[in-house]
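**Student:** Right, I'll just put the structure down here and ask away after.
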Amino acid sequence: MSHQVTGLRAWMLQRLSALYLAGYTLWATVYFLLYPVADHAAWQTLWRGPMMSTGAALLFIALLVHAWVGVRDVLLDYVRRPLLRLVLLALLWAWLLVLTIWLVRVLVGVM
């Protein structure tokens, strides 16, 4: 079997992350409409729960994957100069790494 790149893996990652993002957004909207958070202490208590913190962590992982695949594909399709493409991909990777570090700090600070 050959090792051709068909784009199926990127397509699946993009679709699965989009489904999770849409599902979580819909669920969170309904949840916060039905159970509004009254104050900061209630907000902290809510996010310390394992379901919310895990769901939020998965949300941001899905968002980072979705952003990486989407922007990477645009850069690969439309930036024709190889060096410029490499620089832009490296900048994108670095920016997503910074966001990941920020996310870990926020989630660890909440727990």
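**Student:** Just to be sure I understand the filter: pairs with C-beta atoms under 8 Å, separated by 6 or more residues or on different chains, first member in segment 78-90 and at positive phi, second member of a type in the set (D, E, K, R). Which pairs pass?
**Tutor:** From residues that are at positive phi, there are no pairs.
**Student:** Now, a different point. Would you mind stating whether R15 is under 24 Å from A94 (Cβ atoms), without any contact (Cβ under 8 Å) to a residue 60 or more places away in the chain, among the basic types (K, R) and in a helix (DSSP H, G or I)? Even if it seems obvious, please write down each step before you answer.
**Tutor:** Working: under 24 Å from A94 (Cβ atoms): no; without any contact (Cβ under 8 Å) to a residue 60 or more places away in the chain: yes; among the basic types (K, R): yes; in a helix (DSSP H, G or I): yes.
When the stated conditions are applied, R15 does not pass them.
**Student:** Tell me, yes or no, whether segment 7-17 has at least one residue that is of a type in the set (G, A, S), touching a helix residue (DSSP H, G or I) at 6+ places or on another chain (Cβ under 6 Å) and surrounded by 14 or more Cβ atoms within 10 Å (Cβ to Cβ).
**Tutor:** Our first condition is that a residue be of a type in the set (G, A, S); within segment 7-17, this holds for 7, 10, 17.
Next cut, touching a helix residue (DSSP H, G or I) at 6+ places or on another chain (Cβ under 6 Å) only: 10, 17.
Filter again for surrounded by 14 or more Cβ atoms within 10 Å (Cβ to Cβ), leaving 10, 17.
Yes, segment 7-17 contains at least one residue that is of a type in the set (G, A, S), touching a helix residue (DSSP H, G or I) at 6+ places or on another chain (Cβ under 6 Å) and surrounded by 14 or more Cβ atoms within 10 Å (Cβ to Cβ).
**Student:** If we keep just the residues of segment 77-87 that are under 24 Å from the mean Cα position of the chain (by Cα) and loosely packed, with under 12 Cβ neighbours inside 10 Å, which is farthest from A18 (Cα to Cα)? Outline the logic, then answer.
**Tutor:** Narrowing segment 77-87 to residues under 24 Å from the mean Cα position of the chain (by Cα): 77-79, 85-87.
From the residues that got through so far, the ones that are loosely packed, with under 12 Cβ neighbours inside 10 Å too are 77-78.
Numbers: D77: 21, Y78: 23 Å.
Step by step, filter segment 77-87, then rank; the result is Y78.
**Student:** Enumerate the pairs (first residue in segment 29-56 and under 17 Å from G109 (Cβ atoms); second residue anywhere and among the polar types (S, T, N, Q)) with beta-carbon separation below 7 Å, excluding pairs fewer than 6 apart on the same chain, so at least 6 apart or on different chains.
**Tutor:** Pairs that qualify, where the first residue is under 17 Å from G109 (Cβ atoms) and the partner is among the polar types (S, T, N, Q), are W47/S53.
Values quoted throughout were computed directly from the atomic coordinates according to the rules given, and no laboratory measurement underlies them. What you see is a predicted model, and the numbers here were worked out from it, not measured in a lab. Cβ sites come from the backbone with ideal geometry, for glycine too, and all protein chains shown count toward neighbours.
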